[in-house]
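Notes follow once the structure below has been shown.
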Amino acid sequence: MAMLEVKNLGISFGGLRAVDGFEVQIEKGQLYGLIGPNGAGKTTIFNLLTGVYKPDEGLIRLDGEEITGKSTIDINKAGIARTFQNIRLFKDQSVLDNVKIGLHNHYKYSTMTGILRLPKYRKMEKEMDERARELLKVFELEEKENYLSSNLPYGEQRKLEIARALATEPKLLLLDEPAAGMNPNETKELMDTIRFVRDKFDMTVLLIEHDMKLVSGICEELTVLNFGQVLAQGETSQVLNNPEVIKAYLGE
């Protein structure tokens, strides 16, 4: 059974067809790339998969469960987490607290329990601290747990956003141009980290990028979008040698 199955997904805005008949099947444990020029519809697809937009038509299944049109919260609980092209951290919160926010799907206590700091609250807070620190260690951020997230270097803010997404214990991790704004050394380190995360957490990863060279070095399969439609799809090496991709995307 595929981890993600999407059939005939489409949406229009003001008469403009932003995504038209998008289909993809991603197997459990795959590191999959979604690539295309700016305006191709990549982020719109992420917004459809995560409930930010509701599709005009189509079907989305996650690990066999239909999630088409569900709310963002319900989709996250079903097992999809994401990061954003423009980093969205809680900048006035510490590094540790940013990760703990992602853990609240799995730790529940009443408002009164929290106000009175009852034993259940203290027990859960301790467990959340331990789990958050484990995730920070994966990204070599454990020594900066008390920093404000806004005071981290740009590359470490990217890592923190991924750590927070992983705290929700997703089945599928969506990364929207995670290397945007990074220098080559930071990009290489991040790509190594993504591979490590996939292997350590047995994670399925869908990666948006516009840099063909970057995704070709990390993704096992690709879908190339152009004007909201699938231009090519399949194993990375085959897609990169597709004449339509070379003509439309690479401009050759």
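Could you list, in sequence order, all residues of region 70-93 that are within 20 Å of Glu161 (Cβ to Cβ), free of Cβ contacts under 8 Å to residues at least 60 places away in the same chain and buried (at least 17 other Cβ atoms within 10 Å of the Cβ)?
Within region 70-93, just Ile75 meets the criteria.
With respect to Leu59, is the statement that it is more than 14 Å from Lys171 (Cβ to Cβ) and touching a Leu at 6+ places or on another chain (Cβ under 9 Å) true?
The answer is yes for Leu59.
Taking region 11-35 as the search range and keeping residues that are assigned to a loop (DSSP other than H, G, I, E, B) and within 18 Å of the chain's Cα centre (by Cα), which one is farthest from Phe201 (Cα to Cα)?
The extreme case among them is Glu27.
Can you tell me which of (1) at negative phi; (2) under 20 Å from the mean Cα position of the chain (by Cα) is the one Glu127 doesn't meet?
It fails just one condition, (2).
Could you count how many residues in region 205-228 are in contact with a helix residue (DSSP H, G or I) (Cβ under 9 Å, 6 or more places away or on another chain) and either more than 19 Å from Val239 (Cβ to Cβ) or part of a helix (DSSP H, G or I) (or both)?
Qualifying residue count for the region: 4.
From the list Thr168, Thr223, which one is open to solvent by less than 30 Å² (accessible area, probe 1.4 Å), touching a Gly at 6+ places or on another chain (Cβ under 9 Å) and within 27 Å of Asp97 (Cβ to Cβ)?
Step by step, each of Thr168, Thr223 is checked, and only Thr168 is open to solvent by less than 30 Å² (accessible area, probe 1.4 Å), touching a Gly at 6+ places or on another chain (Cβ under 9 Å) and within 27 Å of Asp97 (Cβ to Cβ).
Which members of region 170-196 meet the condition of being under 26 Å from Glu23 (Cα atoms) and in a helix (DSSP H, G or I)?
Answer for region 170-196, where residues must be under 26 Å from Glu23 (Cα atoms) and in a helix (DSSP H, G or I): Met191, Ile194, Arg195.
Sort through Asn38, Asn8, Asn47 and tell me the only one that's assigned to a loop (DSSP other than H, G, I, E, B) and of a type in the set (S, T, N, Q).
Asn38
Considering only residues of region 54-69 that are part of a loop (DSSP other than H, G, I, E, B) and farther than 23 Å from Ile162 by Cβ, which is most open to solvent (accessible area, probe 1.4 Å)?
Lys54
Which of the following residues is β-branched (Val, Ile, Thr), within 19 Å of the chain's Cα centre (by Cα) and at pLDDT 90 or above: Ile67, Ile101?
Checking each option against the conditions leaves just Ile67.
Filtering region 111-137 down to residues that are open to solvent by 30 Å² or more (accessible area, probe 1.4 Å) and among the aliphatic types (A, V, I, L, M), which residue is modelled with the highest pLDDT?
Met124
When region 153-165 is examined, which residues are found to be surrounded by 23 or more Cβ atoms within 10 Å (Cβ to Cβ) and outside any helix (DSSP H, G or I)?
Selection gives nothing.
What's the total number of residues in region 199-217 that are crowded, with 19+ Cβ neighbours inside 10 Å and either of a type outside the set (Val, Ile, Thr) or more than 22 Å from Ala18 (Cβ to Cβ) (or both)?
8
The values are calculated or read from the model by the stated rules, or taken from the named source; none is laboratory data. Quick caveat: nothing in here was measured; it's all calculated off a predicted structure. Cβ: placed from backbone, ideal geometry, glycine included. Neighbour counts: every protein chain shown. Surface accessibility is based on the protein's heavy atoms, side chains included, excluding ligands, DNA and RNA. Shrake-Rupley method; radii C 1.70, N 1.55, O 1.52, S 1.80 Å.
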